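Worksheet: one structure, shown below.
Read the figures in this text as sums done on the coordinates, not as results from a lab. A quick note: this is a predicted structure, and the numbers were derived from the prediction, not measured. Reconstructed Cβ throughout: ideal geometry from the backbone, glycine too, with neighbour counts over all protein chains shown.
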Amino acid sequence: MLINNQIYKYSISIILAFMMTVAMPLQAAKAAAPATLSYGSYGPDVPDLQFRLKTMGYFDNTAITTFYGKMTEEAVRKFQADYGLKPDGVAEEKTWTELKKVSANQEELDLLARIVYAEARGESYKGQVAVAAVVLNRLDADGFPKTIKGVIEQSGAFTAVDDGQYKLKPDSTAYKAALDALGGNDPSQGALYYFNPKTATSKWIWSRKQIVHIGNHIFAV
C-alpha cells in the first residue's frame, strides 16, 4: 500500500491542512465493490475516489464532492497512465483495484492516525512514521488481515486498542506521520512488529529478528 514516490508530489502540509479542516469524515461507500465511475457520475463512491487521488497528489481541487467532473476525470487519467492502465478517465474495476493497493480513503487514514497517536504520541516523528509503516507492512505479509482496519483492530495486535487509547483524537503530527508512511517512508525498514524493551515481557516478541531501534521501540520481523 505504498504510494509511488515519483508521483507523491503533493505537499504533505497542504494535504494535512485539508484533513484538519474537513468538518465531517468522508466515509467510503459500503457497497461490496465501488461503482464504475465516469464524467457526469454522482454517488458515494466519488468522494472516496477523489480523496484517494488527493492524498496521492493527483486531485488538486480542495473540495471533495459527490460529482465526477473534469478535474476528477483528468486525475484518474494521470493515475491510470502512471500505473500502466488504459488512460480513459473511467474508474472501472481495474482502476479501483490498483488504486486501493496504493492509497487510503479518509476512514483508513483516520484509523492509521489514531493508532499512531495512541501507540507513539510520545515518540519522535520518525518513530511515529515507523509505527504507521508497520501497519502498512502487515497488509502484504502472510498471517495478517488485508485491510488497514483489520490489521489495527486484530485481536491482541496493539496494546492501545485493548486499553482504549485508540479512541483518543489524533493530532496533526499523527496525521502527517500517517500520510508520510502512505507516501512510502518506512523508518522501520520493513518491520512487522515493534516493542518497548523496557516493558516487554513476552519471550515470543524477544525472539523476533530485530531490525532497528527508534526511540523507545525496537522494530522487528
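Selection among Pro145, Gly183, Gly122 by position relative to the dipole of region 72-221 gives Gly122 as farthest towards the positive end (Cβ unit charges, Cα centre). At 0.36 nm per residue, minus the direct Cα-Cα distance, what do Leu139 and Lys86 gain on full extension? Give it in nm, one decimal, please. Stretched fully, the Leu139-Lys86 segment lengthens by 16.4 nm. Could you list the residues of region 62-97 with an amide nitrogen less than 14 Å from a label point located 7 Å from the Cα of Tyr39 in the Cα-to-C-beta direction? Flagged as within label range: 68-78, 88-91.
When Rg and Dmax are taken over the Cα atoms of region 36-150, they come to 15.7, 46 Å.
Can you tell me the equivalent ellipsoid semi-axes for the chain? Use √(5λ) from the Cα gyration tensor, largest first, whole Å.
Gyration-tensor ellipsoid for the chain: 32, 17, 16 Å.
A simple count of charges around Tyr117, restricted to other residues whose Cβ falls under 12 Å of its Cβ and scoring Lys, Arg +1 and Asp, Glu -1, yields +1.
Hey, with R₀ at 35 Å, roughly what FRET efficiency would Ser207 and Tyr125 work out to, going by the Cβ-Cβ distance, to 0.05?
That gives a FRET efficiency of 0.75.
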